[in-house]
Every structure is written in C-alpha cells, then in structure tokens.
Amino acid sequence: MVYAAENDPLCYPGTNVLVNRLNIREQVLLDEYELAFFLTRSEEPFPTGNFDSTHYRALHRHLFQDVYSWAGTYRTIRIGKGGNWFCFPEYIDREMDRALNALRSKGYFRDLSLPEFRSAATGLLADLNAIHPFRDGNGRTQLSFLLLLTRSCGHSFHAEALDPHEVMHAMIESFSGRTRPLELVLKKTIGD
C-alpha cells in the first residue's frame, strides 16, 4: 500500500519514490533493496538504550542507514495510508514521549505476566503505529523495538510466526481502535 503525502521533499520529483542512497527510482526495486539491507542490519546487534525516543530513533537509523540519509529522523510532512492520516509531524515528539514515558512508568512491562505483557504490548504497538514517526520503515522498527522489549522482560519473540499480511491487517484495525487482531498476532509471536 502506497503512502499519501503532502508535497514530499523526500521523494524524487514527480514520483512517490523516496530519495535513497542508491539513487533507485523504481519503487519495486527500491523495496527489494530496502528489504535486503533491513534483513542484513537486523542480523547485527541492535542499538542498546532505555526504550525512550532516542533509543527508538537509533533503532530506525540502524535498520535503514544504508538506504536513507534521513534514517532515524522524524518526518516533517503529513502522511497517511488507506485513507487514514497518521500523527501530524508537529505532534510527533510529544506523542512519542507520551507513549514511551507511559512504558517507563509501567516499569517497561517487566513485572507483568505473559498475558498482561501481550496486552500492554498491543496498546504500545497501536500507539506507535498511529504516531508513525518516520517517513518509511515504521512497522519494521515497531516490531524490532517490541522484540527488544520482549527479550528484556524474559519472554521469547518468534519472528517466524509473523505473517506480513496478518500484521498489516492488525495494524490497520488497531488504528481504528480494534486491537483484537493485533492481540492475536502477539499471542502467536510472544511466548516463554
């Protein structure tokens, strides 16, 4: 699904293709290269941090540094997908701080039972998805952040259980306040 954007200076003129370090101007080819670099970077150790906005941006930068010069930088334009607009850029800092300060105030979910952890993680992912702080790579950053958080709480994360279409559907539903599909995705993905 293609993003809708307002006057995007990060795209090549007259296209929806994001300006990239490889100077690829075909979306399908860019998607292939982006995925290849993402998979390579996801095999490396992730940046450590305090599960705050600095950590979140560092994770995005790590995952997408080979493709985009702006990796790790919050977007400055309004974007939407499927008819829904994500958090307006002027509120991203505030909303990221709100979501991640809530995580900190809940002890990073470390004292929660597994079902409680999944439920809390569902809410966090729904919030991060609605904020959508980056121009691209939000879903993969969200799930990578969740992987780090899950492991820090002593639970296992089964990435192989993730079905991209199911995850996309669950994220779309969560944007409308229906979090049950996302809860079901996390029930298959997070265990002991």
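In table form, for the structure just shown:
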read-out	value
Residues (closer than 19 Å to residue 152 by Cα and free of Cβ contacts under 8 Å to residues at least 60 places away in the same chain) located in segment 12-54	43, 44, 45, 47, 48, 49, 50, 52, 53, 54
Within segment 163-175, tally of residues that are hydroxyl-bearing (Ser, Thr, Tyr) and free of Cβ contacts under 8 Å to residues at least 40 places away in the same chain	0
Residue match in segment 29-41 (condition: in a loop (DSSP other than H, G, I, E, B) and surrounded by fewer than 17 Cβ atoms within 10 Å (Cβ to Cβ))	no
Residue match in segment 120-127 (condition: within 26 Å of residue 43 (Cα to Cα) and in contact with a strand residue (DSSP E or B) (Cβ under 9 Å, 6 or more places away or on another chain))	yes
Verdict on residue 166 being in a helix (DSSP H, G or I) and exposed (fewer than 12 other Cβ atoms within 10 Å of the Cβ)	no
Some residue of segment 177-192 being surrounded by 15 or more Cβ atoms within 10 Å (Cβ to Cβ), touching an Asp or Glu at 6+ places or on another chain (Cβ under 8 Å) and of a type in the set (Lys, Arg)	no
Filtered residues of segment 7-22 (kept if more than 13 Å from residue 66 (Cβ to Cβ) and assigned to a loop (DSSP other than H, G, I, E, B))	7, 8, 9, 10, 12, 13, 14, 15, 16, 17, 19
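Bear in mind these aren't lab numbers, they're just calculated from the coordinates by the rules spelled out. Everything numeric here is computed off the predicted structure, so don't read it as measured data. Note that each Cβ is placed from the backbone with ideal geometry, even for glycine, and that neighbours are counted across all protein chains shown.
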